[in-house]
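The block underneath contains the structure these notes are about, expressed in structure tokens.
Every number here is computed from the coordinates shown, using simple stated rules; none is lab data. This is a predicted model, so every value here is computed, not measured. When we count neighbours, we look across all protein chains shown, and the Cβ atoms used for this are built from the backbone with ideal geometry, even at glycine.
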Amino acid sequence: MKGAWLTDQGGGDVTSMFRVSERIHAEQTPYQHLEIYQSPLFGRMLVLDGAVQTTEGDEFMYHEMLAHPALVTHPQPRQVLIIGGGDGGLLEEVLKHPVDRVTMVEIDEAVMRASRRYLPTICGAAFDDPRATVVVGDGIAYVRETTDRFDVVLVDSTDPEGPAVGLFAEEFYADVARRLTPAGVLAVQSGSAVYQRELVRTARRNLRGSFATVRTWLATVVTYPAVVWSFTMGSLGRDPVLVPADEIAGRVAGDSLRYYTPPRHHAAFDLPPYLRRETESD
Ligand code: SAM
């Protein structure tokens, strides 16, 4: 495949192309088409239905910015739930905190199997951590049926297609809110801040049905089309913009973070005026 290019069609109006040197693995799973590529610049890349999910080269940007702003917003998270996240990168970030238990519910076992085998630099030893419980199943049904309570719930899903559609719905967010402890936090990947702005608004609107505090923040994820990615949080307790920088510094100190810092936490929530006006208009 020398000189071949992988094209990620993004939202149709924006595309990313990556030079790849080898397709290491490919399979059709019950839910999606799964591929692993080798690329000179980004190392190994996980691709689902043609969309780049994570790469060795920039996974930390996405995983750190979904995990840590939510975890530090809760004063002392002990029970954490991850929906999706089959590559294990988010699980690895959560386990950097003094949590007692992390439950991860991933619908497609093939994603976890391929990630353990081909992406060890992303998941590390996270799947084997005694604090981690992995459930193969639909996160929507799991949240509806579980009697467990969680301090923080993180939704690391694919785009709102197929099994992931319901993960952006008001009903699902309400079910999650019922499973949260009093200062609980729900954080979701809410799509591109460039070509999925309607999705950002939808996530915010649907979260408002169950959460008094709703905040959106941004990160640069180089291998995602149009690069600027958004996350949105609903909090039953603290407002993430009011978490003191020195507290954040104390809680993530020495965690070998490569992207997330206390100043970046606050800067990420300071949305540029065009986006603030647009996302806060409903
Ligand atoms: N960071 C990536 C992104 O933003 O596009 C997502 C990475 S992660 C691999 C996405 C995972 O969500 C996939 O493995 C997919 O199988 C899983 N997923 C989709 N819908 C799901 C559902 N209803 N319940 C549990 N997992 C789901």
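Side notes on the structure shown:
- Diffusion coefficient of segment 16-87 by Stokes-Einstein, Kirkwood radius over Cα pairs, 25 °C, 0.890 mPa s: 175 µm²/s.
- Shown here for segment 153-186: GluC sites (Glu not before Pro) in loop regions (DSSP other than H, G, I, E, B) with at most 16 other Cβ atoms within 10 Å, namely GLU161.
- Based on Cα atoms of segment 167-282, Rg over Rh with Rh as the Kirkwood radius reads 0.96.
- The H on the amide N of LEU180, modeled in the peptide plane, is under 5 Å from the matching H of PHE150, each at least 5 residues off or on a different chain.
- Mean ellipticity per residue at 222 nm, deg cm²/dmol - from DSSP H runs of n ≥ 4 across the chain, formula -39500 (n - 2.57): -8500 deg cm²/dmol
- Put simply, the C-alpha atoms of segment 193-234 give a gyration tensor, and the ellipsoid matching it has half-axes of 22, 10, 5 Å, longest first.
- Size descriptors for the chain (Cα atoms only): Rg and Dmax, in that order, 17.6, 54 Å.
- Computed log₁₀ I(q)/I(0) - Debye formula, equal Cα scatterers, no solvent, segment 198-259, q 0.14, 0.16, 0.29 Å⁻¹: -0.57, -0.72, -1.12
- Per the Kirkwood formula applied to alpha carbons, segment 125-191 shows a radius of gyration over Rh ratio, Rg over Rh, of 0.96.
- Column: log10 I(q)/I(0), Debye, Cα scatterers of segment 1-132, q = 0.10, 0.13, 0.18 Å⁻¹: -0.34, -0.57, -1.00
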